[in-house]
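Input: a single structure, listed below in structure tokens.
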Amino acid sequence: MIQAQTLLKVIDNSGAKLVRCIKIKKGKSSAGVGDIVLVSVKALRPRYGRRVRLKMNKSEVHQGVVVQTRKLHRSKSGVGSSFGCNSVALITSQEKPLGTRISATLPGRLRGLKWAKLIAMARKTV
């Protein structure tokens, strides 16, 4: 579960590498997979040459969707799944992804939580 002040890894190619959770939307105390969080950028990915333009700067505030958590989630069939780190994909205020690719495996239950666009950009789903 993700709380305020949690460091999260960014898994899309939006330009950020590490973000910190500021607030969880919907007034909850903790966020799980599929929840929207407000994050601030702490570290950026390195730029290679002048051709790469950054979409963001350090300490900017963005919205993100939690896509991976370390907490074990059990489905109704009894199968559990967890990931190695807490990860987020950055989105705009209109809930569209900022990046164009996702470089990690995503859980399939995101499709039922209105995030089918993220599933389509991912390499693999579990």
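The values are calculated or read from the model by the stated rules, or taken from the named source; none is laboratory data. Note that the structure is a prediction, hence the values are computed from the model and not measured. As a convention, Cβ positions derive from the backbone with ideal geometry for all residues, glycine included, and neighbour counts pool all protein chains shown. The area values use the complete protein model at the heavy-atom level, side chains included, leaving out ligands, DNA and RNA. Shrake-Rupley method; radii C 1.70, N 1.55, O 1.52, S 1.80 Å.
Assorted remarks:
- Solvent-accessible area assigned to carbon and sulfur over the stretch 6-99 amounts to 49 percent, based on a 1.4 Å probe.
- Calculated FRET value between LEU38 and LEU113, using beta carbons and R₀ = 25 Å, to 0.05: 0.85
- Mean accessible surface per residue for the chain, computed with a 1.4 Å probe while every protein chain stays in place, in Å²: 61
- Of ALA116, ALA104, ALA16, the one that fluctuates the most in a GNM where the chain has Cα springs shorter than 10 Å: ALA116
- Spatial separation of Cα centroids for the stretch 17-38 and the stretch 94-126, in angstrom: 17
- Note on the chain: helix-only mean residue ellipticity at 222 nm, from DSSP H runs of 4+ residues weighted -39500 (n - 2.57) and normalised by residue number, equals -1000 deg cm²/dmol.
- In the chain, taking the dipole from charged Cβ atoms about the Cα centre, the farthest positive-side position among GLY34, GLY108, ALA120 is held by ALA120.
- Area accessible to solvent at ASP35, 1.4 Å probe radius, in Å²: 40
- Semi-axes of the equivalent ellipsoid for the chain, Cα gyration tensor, largest first, Å: 24, 17, 13
- Cα gyration tensor of the stretch 1-51 - equivalent ellipsoid semi-axes, whole Å, descending: 26, 10, 8
- Exposed trypsin sites (Lys or Arg not before Pro) absent - longest run of the chain, DSSP non-H/G/I/E/B, at most 15 other C-beta within 10 Å: 1-27
- Amide H contacts under 5 Å for ASN86: LYS9, ARG70, restricted to partners 5 or more places along the chain or on a different chain, H placed in the peptide plane at 1.01 Å from N.
- Lysine-lysine proximity count for the stretch 6-99, Cα under 13 Å, sequence distance 8 or more or distinct chains: 6
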